[in-house]
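Taken together, the values in this text are just the output of simple stated rules run on the coordinates, not laboratory data. Bear in mind that the values here come from a model prediction, so they are computed numbers and not experimental data. Glycine also receives a Cβ, built like all others from the backbone with ideal geometry; neighbour counts cover every protein chain displayed.
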């Protein structure tokens, strides 16, 4: 008996998988055979995906909405495709790309064309991921250049900070004692003392 499966992946827990679920609605996939991962596609170390692969048998069917839902790492997508189709004998259908349907063209030419399309799409998926990382890095660098600060704002300095800094700088108290008086870790105290001193010199 052939079992039909659907695999859904979104990159984070706050993303919505409804668009992918909607695509599966008319395919008569049992709810228990739809597996969802809410994490990055950088590799295949995903609990639901691994559970699904363990369950699938020869001649079973796997539907995915688009190739980037399977993953975003070019080499690993090709390797997983090979494992699923060649080793486990599973048919895969990529809904957004009809050429990626292993039920069609089981002859040499059909397999050849399918493999070429898969390689191109896998490369595109990984290239887009690299472009996103680059755009994010460029955006962060540009924001920092404009003076935008990231992370939580620092807590206000204690009222006695100036006096404690003076005592620490003059060697009358140790850094550990000064940090403890301010209720901070030593590394935080030293950093904030340095910033404080520079601000006073401006």
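Comparing 191, 49, 63, which has the greatest mean-square fluctuation in the GNM of the chain with Cα pairs linked when under 10 Å apart? Highest fluctuation of the listed residues: 191. Indicate the gyration tensor shape class of the range 27-107 (rounded, prolate or oblate), computed on the Cα atoms with a ≥ b ≥ c the square roots of the eigenvalues: a/c under 1.5 is rounded; otherwise a/b larger than b/c is prolate and the rest oblate. It comes out rounded by the Cα gyration axes. Residue separation of residue 31 and residue 166 scaled by 0.36 nm, minus their Cα-Cα distance, works out to 41.9 nm of gained length. Helical content alone sets the calculated 222 nm signal of the chain at -15500 deg cm²/dmol, taking -39,500 (n - 2.57) per DSSP H segment of four or more residues and averaging over every residue.
Considering only the Cα atoms of the range 10-54, their convex hull presents on average a projected area of 3.5 nm². Helix 186-201 and the longest principal axis of the Cα set of the chain meet at an angle near 60°.
Between 185, 98, 47, the residue with the greatest mean-square fluctuation in the GNM of the chain (Cα pairs under 10 Å linked by springs) is 185.
Note on 94, 10, 120: ascending count of other Cβ atoms within 10 Å places them as 120, 10, 94, the fewest first.
Computed from the Cβ-Cβ distance with R0 of 25 Å, the FRET efficiency linking residue 104 to residue 55 stands at 0.50.
Who wins for biggest fluctuation among 48, 170, 40 in a Gaussian network model of the chain, springs between alpha carbons below 10 Å? Greatest mean-square fluctuation among the candidates belongs to 170.
In this rough spin-label picture, where each label sits 7 Å from Cα along the Cβ direction, the residue 190-residue 144 distance is 2.1 nm.
Here the calculated FRET efficiency for residue 134 and residue 16, from their Cβ-Cβ distance with R0 = 22 Å, stands at 0.25, rounded to the nearest 0.05. In the frame of its principal axes, the chain has Cα extents of 83, 33, 29 Å, reported largest first. The overall shape of the range 161-201, judged from the alpha-carbon gyration tensor, is oblate: a/c is not under 1.5, and a/b is no greater than b/c.
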